[in-house]
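The values are calculated or read from the model by the stated rules, or taken from the named source; none is laboratory data. This structure is a prediction, so every number in the text was calculated from the model and none was measured. Using ideal geometry, Cβ is built from the backbone for each residue, glycine included, and neighbour counts are taken over all protein chains shown.
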Amino acid sequence: MDIVYKKYVSSAYDYNVAYLKKYGDRYKVQVLKCVRKKGVSNVNNSAKGTVNTKKLDCNIRRTKNTIKELVLCNDWEHFITLTLDPKKYNRYDLPKFNKDLSQYIRDLRKKYKTDIKYLLIPEQHKDGAWHMHGFLMGLPEAELELFNKEQKLPYYILNKLDKGEEIYNWVGYQKRFGNCDIEPIRDKGRVSSYVTKYVTKDLESSIQELNAKMYYCSRGLNRAETIKKGRTTEMYKPTYIKQADNGDFLYSEQWLPPMSEVQASLYVYNTMSSCWQSIDEIGYNPFDDK
């Protein structure tokens, strides 16, 4: 795809820049149409505005990518579903729910002298009430109580118990807010895809009306590590491509299958020029089994 840029912009921006990023034990290659060079101030407001207006992707997709990044880059222990009991709490006030829940978790940190971290994604019922799905790590075992089949429980929990799965109640949360269920995370990749399905246009619309957020998380969570920056090699085969209305390229990405960092590095060469080392030039094939 041939793209023509104004000369006064070309000195301030790099184009079609590739990044190799590490998400926990997974790797992703992404290519951005336009990246301002380090240390260069904005030389043309209209050029910057054009990039920002396009945003390289829609808000929903960027939110989903951020949630997946936070899931894959942190050692979450539990997947949680938090509901609100109308007898205990206002189910329709999401900002207050987040504020009070955040304070409750801070109080637990002080009580147990441990670092409890969370990532929560709100979901709205058809009647406007809210509940949350998300991730926890560091919650003390004293706060957990194992469900059993003798209890009066929702069918989906009983079904999991019948399969031998362990499902827990968060006792303190139940007393203050409402029902919840917590289960150990068995596959972070799978559960990250599951939870991002709740990030929808309807959610974005509701969130904007409340001046709230599409997800809530603790400070200090790990983010993806940039391994390389440069150009893609011939091995790069994007699985997603974002284009502008006029067909111009904006963004592309490819999640790589499980592999080592050496193998993943062959998808991006660490230079802004147009040369890279092939497998023959390296002298060995890192994809060969040893």
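Here is how the numbers come out for the structure above:
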| read-out | value |
| --- | --- |
| Of all residues in the stretch 206-237 being surrounded by fewer than 15 Cβ atoms within 10 Å (Cβ to Cβ) and modelled with pLDDT of 90 or more, the one that is farthest from F79 (Cα to Cα) | E234 |
| Selection status of Y168, at pLDDT 95 or above and under 16 Å from E77 (Cα atoms) | yes |
| Scope the stretch 184-238; condition closer than 30 Å to H125 by Cβ, under 19 Å from the mean Cα position of the chain (by Cα) and among the polar types (S, T, N, Q); matching residues | S192, S193, T196, T200, S218 |
| Residues of the stretch 168-185 classified as assigned to a helix (DSSP H, G or I) and surrounded by fewer than 15 Cβ atoms within 10 Å (Cβ to Cβ), total | 3 |
| Residue within the stretch 158-165 that is modelled with pLDDT under 95, closer than 16 Å to H133 by Cβ and in the same structural domain as H125 (by TED's automatic domain parsing) present | yes |
| Elements of type strands (runs of 3 or more DSSP E) in the stretch 1-90, at least 3 residues being of a type in the set (D, E, K, R) and modelled with pLDDT of 65 or more | 13-23, 26-36 |
| Among the residues listed as L158, L153, the single one being out of contact with any strand residue (DSSP E or B) (no Cβ under 9 Å at 6 or more places or on another chain), hydrophobic (A, V, I, L, M, F, W, C) and more than 21 Å from I105 (Cβ to Cβ) | L158 |
| Residues being surrounded by fewer than 18 Cβ atoms within 10 Å (Cβ to Cβ) and either over 29 Å from V31 (Cα atoms) or of a type in the set (G, A, S) (or both) - total across the stretch 186-205 | 4 |
| Out of F135, F97, sole residue that is assigned by TED's automatic domain parsing to the domain that holds W170, assigned to a helix (DSSP H, G or I), surrounded by 16 or more Cβ atoms within 10 Å (Cβ to Cβ) and of a type in the set (F, W, Y) | F97 |
| Selection from the stretch 232-254 of residues that are assigned to a loop (DSSP other than H, G, I, E, B) and out of contact with any Ser or Thr (no Cβ under 9 Å at 6 or more places or on another chain) | M235, K237, A244, D245, N246, G247, D248 |
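Conditions (1) touching a residue at least 12 places away in the same chain (Cβ under 8 Å); (2) surrounded by fewer than 13 Cβ atoms within 10 Å (Cβ to Cβ), marked per residue:
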position: R62; (1), (2): no, no
position: K68; (1), (2): yes, no
position: F79; (1), (2): yes, no
position: Y92; (1), (2): yes, no
position: Q103; (1), (2): no, yes
position: Y118; (1), (2): yes, no
position: D127; (1), (2): no, yes
position: W130; (1), (2): yes, no
position: A142; (1), (2): yes, yes
